[in-house]
Amino acid sequence: MAGGKKKEVKKETGLGLSFKKEENFGEWYSEVCVNGEMIEYYDISGCYILRPWAMSIWEIMQVFFDAEIKKMKIKNCYFPLFVSSSVLEKEKDHIEGFAPEVAWVTKSGKSDLEIPIAIRPTSETVMYPYFSKWIRGHRDLPLKLNQWCNVVRWEFSNPTPFIRSREFLWQEGHTAFATKQEADEEVLQILELYRRIYEEFLAIPIIKGKKSEMEKFAGGLYTTSVEAFIPNTGRGVQGATSHCLGQNFAKMFEINFENEKGEKGMAWQNSWAYSTRTIGVMVMVHGDDKGLVLPPKVSSVQVIVVPVPFKDANTQGIFDACAATVDTLCEAGIRAEADYRDNYSPGWKYSHWEMKGVPLRIEIGPKDLANNQVRAVRRDNAAKVDISCDNLVEKVKDMLDDIQKSMFDAAKQKRDACIQVAKTWDEFKEALSQRKMILAPWCDEEEVEKDVKDRTRGEMGAAKSLCSPFDQPELPEGVRNLMACILDRSVLHALLLESRQKSGPTGAGVTRLSGLGAIFLLNFQIV
């Protein structure tokens, strides 16, 4: 590397973004995804190539989630991609919810298929005929399966990398229980894992809650979700969902069992999923005008080491110090690499790795070599510090932990600044015009929800409910019921609302609602 013919060093960067996050968010996002080497556009609209930089993030989350569900005795499996029309259409409400997005195989070569075959948009109808076959008695329950796979939903409007694509990767869990209590407990256990993915790994604050009847999973009993928010656009993103399907699918697919007393019963079922959408939300929340900003826990390279050999410096000695630094960090479990490319200047490399969002850059030059130190530069705030090689591992670990925490804290501060409580219709409209996340008491009436959506429809979309948060604001002292009137449409609500506190199945306090505190947001057209 030090010897041989000297190569031409590229001094121009050519790495800057053409669009700024605050000025043109959509173009900025697309540019960051491509220039940060997360995706490449494909020749079929709405389909994207996931490059290794993105796949490594997915794999890190997959390793965590897979280990956690295995602790819950959930087993992995794989079902075919194709589903017959007769099976897909068996559950009427379910297929109506997905019908516009279902892709169909109609030909084999040049011949028309006698019966068209659907490509799975989700796998309830793919898997449940076999649940019926495998479940006969109470000893066959619970049946708890998960598969890591791809699904196809033929989106036609506004395809967006990671967020809205025609094919995406996800995990989908499908479970069956003898009792509703078991199903209810698992719904919240899985939802907590999704919270951990967003908050502990992706450093994104979320809100956990229950979907309205209008927004719940088609054919299910109820839906819980984790909801993220993009302050730059004022729009919410459904991060992941955990559904209790009740006994509706069990009825359709005859998933019955005989209990200990010889009595016949129907299984209670759940389904739950998170997808590569998580990566898109991370890019939107943390990225800046220099490119990606990756949380250390999910970055495939946590530390990039860059040699800075000035003229007449001991180049080989600097390269050796870089190699030793990488080895030391890797042995300590830190994901580190060095950039030895000699046809790029150090400044070009700085910009390159900033674009890719690597959390920490270490620079080693002649001065650092002489002083037995390295210079560390944070991606999140550009802070620089010199670190002695004698306590390198300890300091780098501390810095990575602090970056992870700082990124979450900064994102939460921005998110919280966008939450506004609205108690009247005028307050609601004003908050909506400011692109706020609105917390408002409401009646959980479908007609009211439709009315709100209709009355707020505009250029940016329409307000929609995201969820009734489990973490509820306190009512005024001495007030149990909150009354609101919608007769003159001056406020948002219509009924006496009452909230009652219960303890969740995992022991955590969970507020059960009869309607108080749905979050209304501009529709991001993501469900």
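The values are calculated or read from the model by the stated rules, or taken from the named source; none is laboratory data. As the structure is a prediction and not an experimental result, all values here were calculated from the model. As a convention, Cβ positions derive from the backbone with ideal geometry for all residues, glycine included, and neighbour counts pool all protein chains shown. Just so you know, the surface numbers come from the protein's heavy atoms only, side chains and all, with ligands and any DNA or RNA stripped out. Shrake-Rupley method; radii C 1.70, N 1.55, O 1.52, S 1.80 Å.
Descriptive notes on the structure:
- Enumeration of residues in the range 211-229 that are more than 12 Å from the chain's Cα centre (by Cα), crowded, with 23+ Cβ neighbours inside 10 Å and either in a strand (DSSP E or B) or modelled with pLDDT of 95 or more (or both): Thr223, Thr224
- Members of the range 56-77 that are of a type outside the set (Asp, Glu), open to solvent by 30 Å² or more (accessible area, probe 1.4 Å) and assigned to a helix (DSSP H, G or I): Ile60, Gln62, Val63, Ala67, Lys70, Lys71
- Selected residue [closer than 18 Å to Val305 by Cβ and in contact (Cβ under 8 Å) with a residue 12 or more places away in the chain] from Val421, Val448, Val358: Val358
- Wholly enclosed helices (runs of 4 or more DSSP H) of the range 320-435 bearing at least 3 residues closer than 20 Å to Pro296 by Cβ and open to solvent by less than 40 Å² (accessible area, probe 1.4 Å): 346-355, 392-417
- Reported count of residues in the range 193-217, each being over 16 Å from Ser465 (Cβ atoms) and not β-branched (Val, Ile, Thr), is 11.
- All conditions in (1) outside any loop (DSSP other than H, G, I, E, B); (2) open to solvent by 50 Å² or more (accessible area, probe 1.4 Å) hold for Trp53, with the sole exception of (2).
- Annotation: of all residues in the range 252-284 being part of a helix (DSSP H, G or I) and at pLDDT 95 or above, the one that is nearest to the chain's Cα centre (by Cα) is Thr278.
- Whichever residue in the range 310-319 is of a type outside the set (Phe, Trp, Tyr) and assigned to a loop (DSSP other than H, G, I, E, B) and, among such residues, is most open to solvent (accessible area, probe 1.4 Å): Lys311
- Applying a threshold of 9 Å to beta carbon distances and a minimum spacing of six or more residues, or different chains, the list of pairs starting in the range 19-41 at a residue that is under 17 Å from Gly234 (Cβ atoms) and charged (D, E, K, R) and ending at one that is surrounded by 14 or more Cβ atoms within 10 Å (Cβ to Cβ) and modelled with pLDDT under 95 reads Lys21/Asn232; Glu22/Asn232.
- Positions within the range 444-476 being in a loop (DSSP other than H, G, I, E, B), of a type outside the set (D, E, K, R) and either open to solvent by 60 Å² or more (accessible area, probe 1.4 Å) or at pLDDT below 75 (or both), in sequence order: Met460, Pro473, Leu475, Pro476
- Residue under evaluation Asp184, criteria (1) assigned to a strand (DSSP E or B); (2) open to solvent by 10 Å² or more (accessible area, probe 1.4 Å); (3) within 20 Å of Cys244 (Cα to Cα), criterion not met: (1)
- Conditions (1) crowded, with 16+ Cβ neighbours inside 10 Å; (2) outside any helix (DSSP H, G or I); (3) of a type in the set (Gly, Ala, Ser); (4) at pLDDT below 90: number failed by Gly97: (2)
- In the range 144-167, the residues that are open to solvent by 30 Å² or more (accessible area, probe 1.4 Å) and not in a loop (DSSP other than H, G, I, E, B): Lys144, Trp148, Asn150, Thr160, Arg164, Glu167
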